[in-house]
Amino acid sequence: MAGNTTTIKNELTLKQTALNGRGLTKQYPGKGNVLTELDIEIEDGAVYALLGPNGAGKSTLIGLLTGIYRPDQGEVSVLGYNPARSPLEVKRRIGIVPEELALFERLTGMQQLMFSGRMYGLTAKEAKRRADELLQLTELTAAASQLIATYSKGMRRRLAIATALIHRPRIVFLDEPFDGIDIIAAQVIRALLEELCRKGVTVLLTTHILEIADRLATHAGILYQGNIVDHGAKAELLARYGCNDLEGVFKALVPVSDISSTTLSFYQQGVDA
C-alpha cells in the first residue's frame, strides 16, 4: 500500500502546474486587443514551445506571465504566486531572457554574473562558483574578463542565459534565444537547454526555428491572432493532426501563404552574362 501511495504522489508531483493563465486579455492604445481571453497551463518540468507568427502576441504573453505587464483582464499564477500581488516571490523563482537583451556593456562577463548573483542574495563565494560553472557551460570562460561591449551577438545571448540561471530559477523564459546567432552559439544554447530539461527546470521557449522546437519541446502551444488555438503534449499534438513534426501542426492551424508558384519575371530570360 505504501508503494502505491508513493507512486500516486510522484505522478501528482509530475503533473503540478508551474504556470497558469486564465482569461488573459491585453490591449495597447491604438492597437486593440493583442491577447483576448487567453488560457494557458504549463506543467512543472515541461519544455513548452510557444509558437506563432510575428505579431501573434508571444512576447506580450511572456510579459504577462513574468509580471512585466499586467493583464487588462484575467489572472496569472506562477508557482502559486500572482505576479501583480507577489512580484518579489515570482522574480526569485524565474529567469528571463528577453528578445532584446539587457546587459551592462561596461561590465565584463564575469562582473555581469557576479552582479546578478549578488543581487539575488548569493554570497560572493557562491556567486563566483556558479559564475565559473556557467561561463564554462556557455563556452565563455576565455572571454570572462572582456567587456560585454566587445561580445558578438551569440556571446551576448549565451551570457544573458547564464545571467538568467545564476540564481537557480525553477522556471526559465526564453524569447527567441536563437534569433540571429551563428551555428556555434546555437549548439551551445541547445545543449544548455537540454541540460535544463534533464534537471527538471520548466522552460517556456519562443522560436521561429521549428526544428529546434521539435528537438527540445515536450509540450507546445500555437498562438494566433491573440489566442492559443491548440496546445498540449507534443506527442498528442502530432497524433491529433497526423503530423510528423511541429511544422505540420503549425501549418494545420495557422494559414500559410502558398508561394510555390511565385516567380521573378525579370529573371525569366536568365542571368546576364
Treating the beta-carbon of each Lys and Arg as +1 and of each Asp and Glu as -1, no other charges, what is the dipole magnitude of the chain about its Cα centre, to the nearest 20 debye? 1200 debye
What number, rounded to the nearest 500 deg cm²/dmol, is the helix-based mean residue ellipticity at 222 nm of the chain, given -39500 (n - 2.57) per DSSP H run of at least four residues and division by all its residues? -11500 deg cm²/dmol
Note down the net charge around ALA191, summing +1 for each Lys or Arg and -1 for each Asp or Glu among other residues with Cβ under 12 Å from its Cβ. +1
Would you kindly calculate the translational diffusion coefficient of the chain, applying Stokes-Einstein with the Kirkwood radius from alpha carbon pairs, for 10 °C and a viscosity of 1.306 mPa s, and quote it in µm² s⁻¹ without decimals? 78 µm²/s
What is the chain's relative contact order, in percent, from Cα pairs under 8 angstrom and six or more apart in sequence? 23 percent
Between beta-carbons, use under 9 Å as the cut-off and find the net charge around THR206, counting Lys and Arg +1, Asp and Glu -1. -2
Kyte-Doolittle mean at least 1.0 and Cα extent at least 30 Å along the axis: which DSSP H helices of the chain qualify? none
Over 27 Å between Cα atoms, which of LYS31/LYS153; LYS128/LYS153; LYS58/LYS153; LYS125/LYS153 qualify? LYS31/LYS153; LYS125/LYS153
Sorted by Cβ density within 10 Å, fewest first, the residues SER257, SER86, SER59, SER145: SER257, SER145, SER86, SER59
What nm distance separates the two modelled labels at LEU147 and LEU107, each placed 7 Å from Cα along Cα→Cβ? 1.6 nm
For an R0 of 30 angstrom, estimate the FRET efficiency from the Cβ-Cβ distance between GLU126 and GLU194 and round to the nearest 0.05. 0.75
Nearest 0.05, what FRET efficiency do ASN54 and ARG118 give at R0 = 30 Å with Cβ-Cβ as r? 0.20
Once Lys and Arg are counted +1 and Asp and Glu -1 for all other residues with Cβ under 11 Å from that of GLU176, the total becomes -2
Of all the stretches in the chain, which is the longest one without any exposed loop site, taking GluC sites (Glu not before Pro) in a DSSP loop (any state but H, G, I, E, B) with at most 12 other Cβ atoms within 10 Å? 106-273
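Only the coordinates and a few stated rules stand behind these numbers; no lab work does. Note that the coordinates shown come from a computational prediction; the quantities given were computed from them, not determined experimentally. Positions of Cβ are generated from backbone atoms using ideal geometry, with glycine treated the same way; all protein chains shown enter the neighbour counts.
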